[in-house]
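Working notes, structure below.
The values are calculated or read from the model by the stated rules, or taken from the named source; none is laboratory data. For clarity, every value in this text was computed on a predicted model and none was experimentally measured. Cβ sites come from the backbone with ideal geometry, for glycine too, and all protein chains shown count toward neighbours.
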Amino acid sequence: MSNFYTAIILILLIILGFLGYQFIETDKPQIHDQNYCDFSAGSCLRTYAFGRFELNASPNVIMSENEIYFSLTSKSNPSMQIKSAWLEGKDMFMGKIPLFFEQSNGIYSANTLIGACTEDQMIWTMWVELIINDKIEILMFDFTSYQ
């Protein structure tokens, strides 16, 4: 009979351990570096030695498997050209998602979709290779998507 109670207590402890781990994982604070963009707070501004850049996203809360519209501008580099651009998962590698920016009146815009992750939220990095004054420069923007 005592083996039965020992087994029940052990099973309950294991279940409580898993539940406790889930709470610890979801309560971790998000630590972001200087490349992080919170589009819900507005435009994402970056200043580099080669210019100042503004990235916007619509909708401002990015949901996986929904269309995202990005716009990139630089008033300090009106003659810049985008050589290539892509998205990569920062938390989990999900391949490179190419971005095809089109330019109109100094605004570069691109539409894309991102896949869902097994997590409730995921951090992505947008890489943009620019040509400015015959030199290749790289921009990085991190942002979060939600399920």
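Data table
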| quantity | calculated |
| --- | --- |
| Filter result (under 12 Å from Asn111 (Cα atoms) and of a type in the set (A, V, I, L, M, F, W, C)) within the range 52-71 | Ala57, Ile68, Phe70 |
| Ser58 being assigned by TED's automatic domain parsing to the domain that holds Ile107, at pLDDT 95 or above and over 24 Å from Asp120 (Cα atoms) | no |
| Restricting the range 17-37 to residues that are closer than 30 Å to Ser74 by Cα and polar (S, T, N, Q), the residue that is modelled with the lowest pLDDT | Gln30 |
| In the range 126-144, the residues that are aliphatic (A, V, I, L, M) and surrounded by 18 or more Cβ atoms within 10 Å (Cβ to Cβ) | Met126, Val128, Leu130, Leu139 |
| Single match in Ser2, Ser64, Ser74, Ser40 (criterion: under 30 Å from Asn133 (Cα atoms) and either at pLDDT below 95 or in the same structural domain as Asp142 (by TED's automatic domain parsing) (or both)) | Ser74 |
| Entirely in the range 31-121, the strands (runs of 3 or more DSSP E) that have 2 or more residues that are surrounded by 12 or more Cβ atoms within 10 Å (Cβ to Cβ) and touching a residue at least 40 places away in the same chain (Cβ under 8 Å) | 44-48, 51-58, 68-73, 81-89, 107-112 |
| Residue in the range 73-90 that is of a type outside the set (D, E, K, R), more than 18 Å from Arg46 (Cα to Cα) and under 16 Å from the mean Cα position of the chain (by Cα) present | yes |
